[in-house]
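Encoded as structure tokens, the structure appears first; notes follow it.
The values are calculated or read from the model by the stated rules, or taken from the named source; none is laboratory data. Computed from a predicted structure; not experimentally measured. For neighbour counting, all protein chains shown are included, and Cβ atoms are generated from backbone atoms with ideal geometry for every residue, glycine included. The accessibility values were calculated without ligands, DNA or RNA, using every heavy atom of the protein model including side chains. Shrake-Rupley method; radii C 1.70, N 1.55, O 1.52, S 1.80 Å.
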Amino acid sequence: MARIAFVGEEAAGARAVGRVVASDHELVCALTDSSPTTRGSVAAVATGAGAPVLPGRRVRDAALADELRALGVDVLLNVHSLAIVRREVLAAPRIGAFNLHPGPLPAYAGLNVPSWAVLHRAPRHGVTLHWMEPGIDTGDVVARADFDLTPCDTGLSVATRCAQEGVELVGALLDRLDDDPAAVPRAPQDLADRHYYGREVPQDGWIPWSLPTADVLAFVRAFDYRPFPSPWGPARAAAPEVGEIGIPRLTAAPGAACAEPGRVRVDDEHVDVATGDGWVRMLGLTLGGRSTSPREVLRDGAVLTAPVPVGR
């Protein structure tokens, strides 16, 4: 039986800490910014199991290392917490520290990588469980689960699949800790293949209408976390006489390229926008953060712009 200190946030963190509670291992404490009064949160699950809850920011406190050693912690497990864990804290657990990352390492390290995969129209994505070390997402790999992506995937759907597959990786780690902790795999990453994504937002969120239709559609889907807020904010465009509009969803529309990118085409039923090689159809629009019909906002012949050069 391992004594586990859990660090986590969001639904994936709550599901993972639930797996710890349901296992033969002991949840020693949970570090989280979630509230114990929020049903199903990391803090609520830990409190229900009788484990103390500490503020998530404590992972940045070197003094936490001595506390974990005093508690006899064997494993630190981090799931969907973005707090950078201090080197001293990583070194405190007897067996080691592990992180669940929602991307295939080393190619998709860093932040918001499910959205980057959709933006890149990647054919596959994955989730990685790895040993933690002072570098971000650089530790040896314990296990990885890859899966196919489709042209319908959004930032949310890929993030959700990462959470589902990732919790299973956490379960497999708990089983290994039961059998033989010394046998937990350590496969070094080839850091020559590493790409790190920071807090940057592609094109600052402005839709690059001059790109081919498939890329414009992927751009908008990468921003789509409905009904939850997108970590990148909304995909957007600038409309004449209206200003900034949000565009939550598009689909391909019939017709060959015959207009400048961003040109609006309005008929009795639809509002379409020209891309670099065709047309896309608006399936919604927000103005001032409120949903409205595209036909109520845009006029035929208007040109939507993106005041950021393509490729920024």
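Below, the figures for the structure above:
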{"read-out": "3J(HN,Hα) from dihedral phi, the stretch 227-232, Karplus parametrisation 6.51/-1.76/1.60, rounded to Hz, x for glycine, proline", "value": "x, 9, x, 7, x, 9"}
{"read-out": "With 5 Å bins from 0: P(r) over the stretch 8-121, alpha-carbon pairs, percent", "value": "2, 12, 21, 22, 19, 13, 7, 3, 1, 0"}
{"read-out": "Ellipsoid semi-axes in whole angstrom, largest first, where each is sqrt(5λ) of the Cα gyration tensor of the stretch 1-56", "value": "16, 11, 9"}
{"read-out": "Net dipole in debye of the chain [+1 Lys, Arg Cβ; -1 Asp, Glu Cβ; about Cα centre; nearest 20]", "value": "460 debye"}
{"read-out": "Listed candidates (1) 160; (2) 138; (3) 149 - label of the one calculated as volume of the Cα convex hull per residue in Å³", "value": "(2)"}
{"read-out": "Lys, Arg +1 and Asp, Glu -1 on Cβ, resulting dipole of the stretch 201-312 about Cα centre, debye, nearest 20", "value": "300 debye"}
{"read-out": "For the stretch 1-144, accessible area per residue (1.4 Å probe, heavy atoms of protein chains only), Å²", "value": "40 Å²"}
{"read-out": "Fraction of beta bridges assigned by DSSP in the chain that are antiparallel (%, nearest 5)", "value": "60 percent"}
{"read-out": "Sorted largest first, extent of the stretch 95-183 alpha carbons per principal axis (Å)", "value": "41, 25, 16"}
{"read-out": "Positive dipole terminus of the stretch 247-312, leading residue within 275, 306, 264 (C-beta point charges)", "value": "306"}
{"read-out": "Efficiency of FRET between residue 292 and residue 182 - r from beta-carbon atoms, R0 45 angstrom, step 0.05", "value": "0.15"}
{"read-out": "Angle in degrees between helix 10-22 and the longest Cα principal axis of the chain, rounded to the nearest 10", "value": "30 degrees"}
{"read-out": "Dipole axis of the chain (+1 Lys, Arg; -1 Asp, Glu on Cβ), positive-most option in 79, 68, 240", "value": "240"}
{"read-out": "Label-point gap, in nm, between residue 251 and residue 136 - each point 7 angstrom along Cα→Cβ", "value": "3.8 nm"}
{"read-out": "Carbon plus sulfur fraction of accessible area for the stretch 190-312, probe 1.4 Å, in percent", "value": "50 percent"}
{"read-out": "Under 5 Å, built H, 5+ apart or other chain: amide partners of residue 244", "value": "239"}
{"read-out": "Convex hull of the stretch 178-312 built on C-alpha atoms - directionally averaged projected area, nm²", "value": "12.3 nm²"}
{"read-out": "Pairwise centroid distance, computed over Cα atoms, of the stretch 9-66 with the stretch 185-200, Å", "value": "27 Å"}
{"read-out": "Given charges at Cβ of Lys, Arg, Asp, Glu: the chain dipole, positive-most of 43, 13, 91", "value": "43"}
{"read-out": "Rounded percent of accessible protein surface that carbon and sulfur make up, the stretch 1-99, 1.4 Å probe", "value": "51 percent"}
{"read-out": "Assigned charges on the beta-carbon of Lys, Arg, Asp, Glu; the stretch 61-143 dipole about Cα centre (debye)", "value": "340 debye"}
{"read-out": "Calculated [θ] (222 nm, deg cm²/dmol) that DSSP helices of n ≥ 4 give over the chain, each run adding -39,500 (n - 2.57)", "value": "-7500 deg cm²/dmol"}
{"read-out": "Ranked packing of 180-190, 76-86, 225-235, most packed first, by mean Cβ within 10 Å", "value": "76-86, 225-235, 180-190"}
